[in-house]
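First the structure, in the form of structure tokens, and then the observations on it.
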């Protein structure tokens, strides 16, 4: 019983970590890529929080696809925990 509880807790913590780390990594990469833009090209984001809110608005337009990929990503990584 204790082993089952431990595995469940590991699964939940892993899923939570992935859910937090994935969007953070996406924002980091997008902000880094803005530094590579040629001069004169307007920036899409004014900072990290603006990037989060802009990406969230874009994701809401295609939320079915986003959540399907998020589900597949979490499931593929949760296999390693069990």
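A single entry from 47, 35, 40 fulfils the requirement of being surrounded by fewer than 12 Cβ atoms within 10 Å (Cβ to Cβ), more than 13 Å from the chain's Cα centre (by Cα) and at pLDDT below 85: 35.
Regarding residue 56, is this residue surrounded by 10 or more Cβ atoms within 10 Å (Cβ to Cβ) and either more than 13 Å from the chain's Cα centre (by Cα) or at pLDDT 85 or above (or both)? Considered against the rule, which asks whether it is surrounded by 10 or more Cβ atoms within 10 Å (Cβ to Cβ) and either more than 13 Å from the chain's Cα centre (by Cα) or at pLDDT 85 or above (or both), residue 56 comes out as no.
Residues in region 64-71 include at least one that is at negative phi, in contact (Cβ under 8 Å) with a residue 12 or more places away in the chain and either surrounded by 14 or more Cβ atoms within 10 Å (Cβ to Cβ) or assigned to a helix (DSSP H, G or I) (or both). Number of residues in region 1-43 that are free of Cβ contacts under 8 Å to residues at least 12 places away in the same chain and out of contact with any helix residue (DSSP H, G or I) (no Cβ under 6 Å at 6 or more places or on another chain) equals 29.
The values are calculated or read from the model by the stated rules, or taken from the named source; none is laboratory data. Everything quoted here is computed from the prediction, not taken from an experiment. All Cβ positions, glycine included, derive from the backbone under ideal geometry; neighbour counts span all protein chains shown.
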